[in-house]
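All remarks here apply to the structure that follows.
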Amino acid sequence: MPDAIEVRKVPIHSVADASELEKLIDDGVMQADRVIAIIGKTEGNGGVNDYTRIIADRAFREVLVAKGADPAKVKEVPIVWSGGTDGVISPHATVFATVPPEDVVPSDEPRLTVGFAMSEQLLPEDIGRTAMVSKVADAVKVAMERAGISDPADVHYVQTKTPLLTIHTIRDAKSRGKTVWTEHTHESMDLSNGCTALGIAVALGEIEMPTDADVMHNRDLYSSVASCSSGVELDQAQVVVVGNAPGVGGRYRIGHSVMQDALDQDGIWAAIKDAGLDLPDRPRTSDLDGRLVNVFLKCEASQDGQVRGRRNAMLDDSDVHWHRQIKAAVGGVTAAVTGDPAVFVSVSAAHQGPDGGGPVAAIVDLG
């Protein structure tokens, strides 16, 4: 049986700041050597060259080491950063740590559990093709097992970080006589995320194995729990599975739903209710009563260029990429629900929820 989980959301006061993680450890909320995953938002451009992710990664790992964690083990802790805090989204991190067994109140009720795995190496020619789908699916199954989850229905959130294509890796593939799906590095961000989501959907039985032709084209194929991010800092799929398991104990529970479009507040509320909070039919922010730890969303500009029948210009805008526009819009909608701008809203949601919408996961404190 995996250990119970303590989870807290902390603000990030500057690009290289991890002082709030340090406070959690100093205050005895969690132990440095028990931190098992961190998922956060950094304030860079969210693009291929968003190095704020690397800066934040280093800052948080340095605190863990300084507070006594084994440096070798700290290197293996999955830390997933989503770059870009457009609009009102505030830089922050959600920190997951195991709780010593002697401090846990046992419970047969389903409670939060986390599992982690790394895939086989993803070659540049794998990205966007079924080879990547298979490697991701295998890693998801390993992470589920480590989380103590046997039923895919108990998985509510799968956060991944995968490589995208760069000029260097494209050149590497060509030098070995291989082809790549695209030579546009920014497009490869959407590609890597979308292909990874299909791997998650296959692992959880949401879809059958797709074909290469389905990737980025058949948007009817998607996962309702995938949250996929990509960057330049790794060459494997880093997979964090978050769900519920009976007998784990602890105070926290997770639920999920999907937003059908960029304005779908009901999708956010549905995820919070699914996590276990008893809310009225038409809830307000005040009904949360401080029990919502955080929400995690993916968003995407609808391919038809519309929201609820109204035309928008995001996909035609050559000045500001649609990634930044939809992220700011959904971030505002989400913050209006939660009353807190420190929400995890990530863009590039191909095969993650329905077209123009996206998955929502919510973690709540049941006390």
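The values are calculated or read from the model by the stated rules, or taken from the named source; none is laboratory data. Everything quoted here is computed from the prediction, not taken from an experiment. Glycine gets a Cβ as well: all are built from the backbone with ideal geometry, and neighbour counts include every protein chain shown. Ligands, DNA and RNA are excluded from the accessible area calculation, which covers all protein heavy atoms including side chains. Shrake-Rupley method; radii C 1.70, N 1.55, O 1.52, S 1.80 Å.
Shown for segment 267-321: the carbon plus sulfur share of the solvent-accessible area, taken with all protein chains present and a 1.4 angstrom probe, equals 39%.
Over the chain, all Cα pairs binned in 10 Å intervals from 0 give whole-percent P(r) values of 6, 26, 36, 25, 7, 1, 0, listed from short to long. At full extension, ASP27 and GLU102 could sit 25.2 nm farther apart than now, given 0.36 nm per residue minus the alpha carbon distance. The accessible area of TYR252, taken with all protein chains in place and a 1.4 Å probe, comes to roughly 10 Å².
Of the cross-linked pairs LYS75/LYS178; LYS75/LYS273; LYS75/LYS174; LYS161/LYS327; LYS73/LYS174, those separated by over 28 Å at the C-alpha level are LYS75/LYS178; LYS75/LYS273; LYS75/LYS174; LYS73/LYS174.
For the chain, give the share of DSSP beta bridges that are antiparallel, in percent and rounded to the nearest 5; count only bridges with both residues there.
On the way: 43 of 59 bridges.
Bridges in the chain are about 75 percent antiparallel.
Calculated accessible area for segment 1-99 comes out at 41 Å² per residue, all protein chains present (probe 1.4 Å; ligands, DNA, RNA ignored).
In the elastic network of the chain, a GNM with C-alpha springs shorter than 10 Å, the most mobile of GLY231, GLY199, GLY309 is GLY309.
Note on MET118 and VAL88: the model spin-label points, each 7 Å out from Cα along the C-beta direction, lie 4.0 nm apart. With contacts taken as Cα pairs under 8 Å at a separation of at least 6 residues, segment 241-367 carries a relative contact order of 43 percent.
Taking every protein chain into account, the accessible area of segment 153-267 amounts to 37 square angstrom per residue (probe 1.4 Å).
Could you rank ASP214, ASP304, ASP220, ASP3 by how accessible they are, 1.4 Å probe, largest area first?
Sorted descending by solvent-accessible area, the residues read ASP220, ASP304, ASP3, ASP214.
For segment 215-279, the Kirkwood hydrodynamic radius comes to 14.8 Å, computed from all pairs of different C-alpha atoms.
Taking segment 98-185 on its own, what percent of its Cα-Cα pair distances exceed 23 Å?
43 percent
The mean sequence distance of close C-alpha pairs (under 8 Å, at least 6 residues apart), as a share of the length of the chain, puts its relative contact order at 22 percent. The mean accessible area for residues of segment 312-354, using a 1.4 Å probe and ignoring ligands and nucleic acids, is 34 Å² per residue. Largest GNM mean-square fluctuation across THR85, THR182, THR160, computed for the chain with C-alpha springs under 10 Å, falls on THR182. Protein heavy-atom surface of segment 86-224, 1.4 angstrom probe: 50% of the accessible area is carbon and sulfur, with nucleic acids and ligands not counted.
Here the dipole of segment 1-130 is about 240 debye; that uses its Cα centre as origin and unit charges on the Cβ of Lys and Arg (positive) and Asp and Glu (negative). In the elastic network of the chain, a GNM with C-alpha springs shorter than 10 Å, the most mobile of GLY87, GLY247, GLY68 is GLY68.
Entry note, the chain: the mean residue ellipticity at 222 nm calculated from DSSP H runs of n ≥ 4, each adding -39500 (n - 2.57), is -8500 deg cm²/dmol after division by the residues and rounding to the nearest 500. Please report the base-10 log of the normalised intensity I(q)/I(0) for segment 39-180, using a Debye sum with one equal scatterer per alpha carbon and no solvent, at each q in 0.09, 0.22 (1/Å). Listed by q, the Debye log ratios stand at -0.39, -1.40.
Scalar couplings 3J(HN,Hα) for segment 28-40, obtained by applying the Karplus form with A = 6.51, B = -1.76, C = 1.60 to θ = phi - 60°, are x, 5, 8, 9, 4, 7, 10, 6, 10, 6, 9, 10, x Hz; x denotes Gly and Pro. Normalising the Debye intensity of segment 19-63 to I(0), with uniform scatterers on Cα atoms only, and taking log10 at q = 0.14, 0.26 Å⁻¹ returns -0.39, -0.97.
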